[in-house]
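Novice: Handing you this structure, nothing more for now.
Bear in mind that the values in this text are calculations on the coordinates, not laboratory data. This is a predicted model, so every value here is computed, not measured. Because the Cβ atoms are built from the backbone with ideal geometry, glycine has one as well, and the counts that use them run over all protein chains shown.
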Amino acid sequence: MDTLVFCKKCEKLNRVPNEKALSDLAICGNCKSELDFHHGIQEVNDLGLQKIIRSSSVPVIVDFWAEWCGPCKAFAPTFKLAAKEFLGKTTFLKVNTELNPHSSSTFQIRSIPTLIIFKNGKEIERQSGALPLQALKSLVQKYS
Ligand SMILES: [Zn+2]
């Protein structure tokens, strides 16, 4: 299994195999720059979010967060644990709402953290507020 990863430098999508995702630095096959993909989670910008949602054949879960948000930071390790468990089955993205106001307004993010799950290009569920690990896993499991 692999994960669709957006390159912020050249804006191409890469397929990163599971075994590479957790060990090596992921490198863009096109421009050779380092992909912002760590522990099975990628940090995307507005364009990356659109491209992945449109192209992914597996469900996509997005964590909308910001640097100043305490609950978002507290939730990050939980999101990381789930990403590792569902690597290749569900794509885990993070969107910094301050750096990507377009995505925040497109998806009408009113509070953070907000989690949205997309399948076949469409939003299918959203949860506002941080979830405990078990609840997050159940949520992801439902669609993967
Ligand atoms: Zn690239």
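Novice: Step by step: first the residues of region 1-35, then only those that are under 13 Å from the mean Cα position of the chain (by Cα) and away from the ligand (no atom under 11 Å from the Cβ), then the one that is nearest to Thr90 (Cα to Cα). Which residue is that?
Specialist: Thr3
Novice: Looking only at helices (runs of 4 or more DSSP H) that lie completely in region 35-120, which have at least 1 residues being within 20 Å of Leu25 (Cα to Cα) and in contact (Cβ under 8 Å) with a residue 12 or more places away in the chain?
Specialist: Working: elements: 46-55, 70-85, 101-106.
The qualifying helices (runs of 4 or more DSSP H) are 46-55, 70-85.
Novice: A follow-up question, please. Going through region 9-29 one residue at a time, which ones are touching a Leu at 6+ places or on another chain (Cβ under 9 Å) and not basic (Lys, Arg)?
Specialist: Glu11, Leu13, Asn14, Val16, Asn18, Ala21, Leu22, Leu25, Ala26, Ile27, Cys28
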